[in-house]
């Protein structure tokens, strides 16, 4: 049965590895889930829930230097690529939004959460390409 590559992509974003499970690669999907969510949870454990922050649109980035401005806008987008875990973590954050903490004491926690998000993009694209290739094999 032909699987929709876009469904695999979206499932892989919502829950890391779910796109592969949708394609019938359950062991591979579970491996990706454990690795990606594990890396994300380690990042949260190192830096705390306030590592994952989605600034309000009205919030301005710190104006002290260009690096802070770029990081203030890019880090939440990269973390959001982890899917549901990022949004749950952001909701669970009890601390107020940090003042330019991205370059501060908990860099390693932010790094882990960002790497997990970027790795999930690769896993999502893998699921998409697998589904698209299977569709071409069956139709061609």
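Taking 7 Å steps out from each Cα toward its Cβ at residue 6 and residue 111 produces label points 3.9 nm apart. Efficiency by 1/(1 + (r/R0)^6): what FRET value for residue 42 and residue 74, r their Cβ-Cβ distance, R0 = 22 Å, to the nearest 0.05? After rounding, the FRET efficiency stands at 0.60.
In terms of packing, defined here as the mean over residues of other Cβ atoms within 10 angstrom, the peptides 20-28, 128-136 line up highest first as 20-28, 128-136.
Computed from the coordinates by the stated procedures, all read-outs in this text should not be read as laboratory data. Predicted model only: the values in this text are computed from it and were never measured. Glycine also receives a Cβ, built like all others from the backbone with ideal geometry; neighbour counts cover every protein chain displayed.
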